[in-house]
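Beneath this line is the structure, given in structure tokens, with notes to follow.
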2 protein chains.
Amino acid sequence: MRVLAKDIARAAADSGKVEAAGWVHRIRDMGGVNFVVLRDRSGLVQLVFNEKPVDETGTPVTLESVITVKGKAALNPKAPGGAEIQVESLLCLSRAEPDLPFQVNGDVSKMGLETILDNRILSIRNPKIRAIFSVQAVIIEAFSAYLRSKDFTEIKTSKLVWGGTEGGTELFEVEYFDRKVCLAQSPQFYKEALVAAGMERVFEVAPAYRAEKHDTPRHLNEYVSLDVEMGFIESETDLIDLERGLLAYIFGEVARKNAAELAMWNASVPEADAVEKAPVIGYEDAVKLASDMSAKAGGGRIFDITPEAERFLCEWSMERHGVQLVFVNEFPRRYRPFYTFPSDANRTMSFDALFRGLEITTGGRRLHSYKAFVETLPRFGLELENMQNYAALLRSGCPPHGGFAIGCERLTARILGLANVKEASLFPRDRKRVEP
Amino acid sequence: MRVLAKDIARAAADSGKVEAAGWVHRIRDMGGVNFVVLRDRSGLVQLVFNEKPVDETGTPVTLESVITVKGKAALNPKAPGGAEIQVESLLCLSRAEPDLPFQVNGDVSKMGLETILDNRILSIRNPKIRAIFSVQAVIIEAFSAYLRSKDFTEIKTSKLVWGGTEGGTELFEVEYFDRKVCLAQSPQFYKEALVAAGMERVFEVAPAYRAEKHDTPRHLNEYVSLDVEMGFIESETDLIDLERGLLAYIFGEVARKNAAELAMWNASVPEADAVEKAPVIGYEDAVKLASDMSAKAGGGRIFDITPEAERFLCEWSMERHGVQLVFVNEFPRRYRPFYTFPSDANRTMSFDALFRGLEITTGGRRLHSYKAFVETLPRFGLELENMQNYAALLRSGCPPHGGFAIGCERLTARILGLANVKEASLFPRDRKRVEP
């Protein structure tokens, strides 16, 4: 019966006889005695050999080979985890080539991003890199669990759509039998349609696609979108309240379940009461604040919520409110898609959430009146005849509603302090990269 | 404070003053008194008006309009749910056009599939149709929860891939900047890569794409694949055992959380001990059994696990083992992809799960030896130089492993007894249909 690395210390206290299996993470020849560090899904454990570690054919084991060993577990305060296995027999299940192109047990801080991504199937083996995706799995689990507890229904909508919800640019085209369709930029229309269909509260975890040509540390051409939409709201404030509760829960679950992973990255998450204190600031005030901070720091004026402004605003929020989380609302109509609900002639009931210097969420209340929709279209250069699905939706009885989306990789990256959002995607896609 | 339809009876026992909101599901003029059935996310509740129900402008309310009402909740054994609201005021939040193209409160059994799908944003409003997706949400939740409890990590992998894992046909092409990529048919390579990367146990819930031209009641061009992969297995039996536990848990959760939805469809799920009794039968025996049953029923011989054979085998399993679930293993090598682990010269460690007459799962152990992989490729007309990602994976230390995938829409459809798998997709895609 196999024992996981994390349970070897416990096994040592029992009978001591154990079988372990995993990857050869490190090999050290200390003269008379040889150490192998074995890696499995639960962590690392030290194996002790009285001679050179060889497999059943007498061949020396290589790094990253998959082996099973039998032996005696013993407590050893000097070993990682406080225990080790005195190996009695070794079987090699899969021999790794000795010339692997990537050093799995290396120091991540000394590896370049391109090297990490070019060797993705090896680099994920590095415990610190794998930790990113343990955190991400907990984010997705917590996002879903919190929303279910608030009576939201999980939906899965099509990613093959007849056109973009936010205009015609930045779309990938798909050859679909004898026609062309697009990859969905977001489930925007579908989540609104399902709220209006009586589900009232829906969420989706699914890929989203943007054919953006630029390569920045904050963009992915394919990302995991954590989407939320709810009916019977009054303004974006209802959504900001929902996101506060949601983020506080996600942070709490990450703190509880990913303590080891956070420690590897020397990271922490905000406490629930800090999330509660995150300020809400109007767009114009936010731009002015960021601009003033920039000027004070000797930089130029700022005229929009630029990446630089996002950093200034989180800095300000940290100083004034003790948390690097800030909600910016009242965005101008010209910066928001047609379906955004206006609060007056120029402003909208929409918001962004900025976390540790990066926008992680865009959201807002949506138009639910057919009349307002028809009046709005020309302002955005859109024609009613091309918007028949939206028109049908709004003519069929649609409650006041709104929603938001959290970029899963962005949230992961900001929790762990990753410099580039690509590090938080298992198999990131950019203009040059579609493999592996 | 809004009260949901399901809570009106309780509110009647309290103060009685309530506010309710939702969609106008039915309007009945009974002479002196008028009834409106209001629909919200929780169910239906009867509203009682002493005159014709009109909105705040005096306009009669229309079916599917979104309204809020204030009034007094009262117990009434004759009302659905045992309570009703004596309405004092009504506000219309969104007026539905009176000429909607689909009768939301109609009888689903009398609606054609094309009508239902052509009017998807209205047909989902029908409580019986919406019930399908309440069940589906629980299936996804239970699938994920069970696997997490067994130490599986949730993954999200790219759907834009450089080629198919199962050969070059049936792929949708995507215009990806200045090249072409494909939509993933399955996360096969990625889930194997992540098991081999040390995650050991992974699952994914994500869309999968097949460019199949035929239109059958069992195929979708885009479906939700519930994928599982695990390391350190010995044969497909380990996977069948895992799927038994998984299905028993999913069925149990659906029974517990979807009792009302199952009742609407006059459906039930197998008990856990019935799942335990589901037989495992080898491919050759299965084909012979189905063929004999066909001959006995006056039909022709059967030479493969055809849709007809799937029905016969489930019938046999019901008669002999008390459950319409059967695992067929030992598939011939020629019917399985190259990465399938052979058990002898002609057979493989692979299996299908058939449930209520339909294949819902394909799975098996995979090749984990580079040598076996290289020897296998020519047999499948594949060339090593085109398989460099797989080659790298198998040369880097890869444990024995295997997995399976459950078609989410198929499982949903078989639980509820839906005739066509498209009914279990919110926005199904087929050769002709990409809207809404």
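Things worth noting here:
- Hits in the range B:183-203 (condition: facing chain A (nearest Cβ under 10 Å) and either under 25 Å from B:L418 (Cα atoms) or in a strand (DSSP E or B) (or both)): B:L183, B:R201, B:V202, B:F203
- Residues being charged (D, E, K, R), over 25 Å from B:T59 (Cβ atoms) and either in the same structural domain as B:R414 (by TED's automatic domain parsing) or touching a strand residue (DSSP E or B) at 6+ places or on another chain (Cβ under 7 Å) (or both) are entirely absent from the range B:96-109.
- Members of the range A:328-358 found to be farther than 25 Å from A:Y190 by Cβ and among the hydrophobic types (A, V, I, L, M, F, W, C), listed by number: A:V328, A:A345, A:L354, A:F355, A:L358
- Residue match in the range A:205-228 (condition: at the interface with another protein chain (Cβ under 9 Å from one of its Cβ atoms), without any contact (Cβ under 8 Å) to a residue 60 or more places away in the chain, in contact with a Ser or Thr (Cβ under 6 Å, 6 or more places away or on another chain) and not small (G, A, S)): no
- Residues within the range A:11-27 that are surrounded by fewer than 20 Cβ atoms within 10 Å (Cβ to Cβ) and either at pLDDT 95 or above or among the acidic types (D, E) (or both), tallied: 4
- Selection status of A:V323, buried (at least 22 other Cβ atoms within 10 Å of the Cβ) and touching a residue at least 12 places away in the same chain (Cβ under 8 Å): no
- In the range A:252-273, the condition of being surrounded by fewer than 16 Cβ atoms within 10 Å (Cβ to Cβ), at pLDDT 95 or above and in contact with a Ser or Thr (Cβ under 7 Å, 6 or more places away or on another chain) is met by no residue.
- Looking only at the range B:34-51, residues that are touching an Asp or Glu at 6+ places or on another chain (Cβ under 9 Å) and farther than 15 Å from A:G198 by Cβ come to 5 in all.
- Residue list for the range B:60-105, restricted to those being farther than 25 Å from B:K128 by Cβ, within 14 Å of another protein chain (Cβ to nearest Cβ) and either without any contact (Cβ under 8 Å) to a residue 24 or more places away in the chain or assigned to a loop (DSSP other than H, G, I, E, B) (or both): B:R95
- Residue check for A:I132: modelled with pLDDT of 95 or more and not assigned by TED's automatic domain parsing to the domain that holds A:A272: no
- For the range A:110-125, the set of residues classified as at the interface with chain B (Cβ under 9 Å from one of its Cβ atoms) and part of a helix (DSSP H, G or I) consists of A:R120, A:I121, A:L122, A:S123, listed by residue number.
- Within this structure, B:P436 passes the test of being at the interface with another protein chain (Cβ under 8 Å from one of its Cβ atoms), crowded, with 19+ Cβ neighbours inside 10 Å and closer than 30 Å to B:S123 by Cα.
- Within the range B:32-56, being within 14 Å of another protein chain (Cβ to nearest Cβ) and not in a strand (DSSP E or B) holds for B:R41, B:S42, B:D55.
- For the range B:268-325, a residue qualifies if it is assigned to a strand (DSSP E or B) and touching a Pro at 6+ places or on another chain (Cβ under 7 Å), and exactly one does: B:L325.
- Considering the range A:160-182, the residues that are in a loop (DSSP other than H, G, I, E, B) and under 14 Å from A:A211 (Cβ atoms) include one that is nearest to the other protein chains (Cβ to nearest Cβ), namely A:F172.
- Across the range A:1-31, the qualifying residues are those that are within 14 Å of chain B (Cβ to nearest Cβ), assigned to a strand (DSSP E or B) and in contact (Cβ under 8 Å) with a residue 60 or more places away in the chain, and the one among them that is nearest to A:N126 (Cα to Cα) is A:H25.
- Which numbered condition B:K128 misses (of (1) assigned to a helix (DSSP H, G or I); (2) over 16 Å from the mean Cα position of the chain (by Cα); (3) more than 10 Å from chain A (Cβ to nearest Cβ)): (2)
- Applying a threshold of 7 Å to beta carbon distances and a minimum spacing of six or more residues, or different chains, the list of pairs starting in the range A:242-264 at a residue that is outside the structural domain of A:D151 (by TED's automatic domain parsing) and ending at one that is modelled with pLDDT under 95 and part of a helix (DSSP H, G or I) is empty.
The values are calculated or read from the model by the stated rules, or taken from the named source; none is laboratory data. Here the structure is a predicted model, which is why all the values come from computation and not from measurement. FYI the Cβ positions are ideal-geometry reconstructions off the backbone, even for glycines, and counts take in every protein chain you see.
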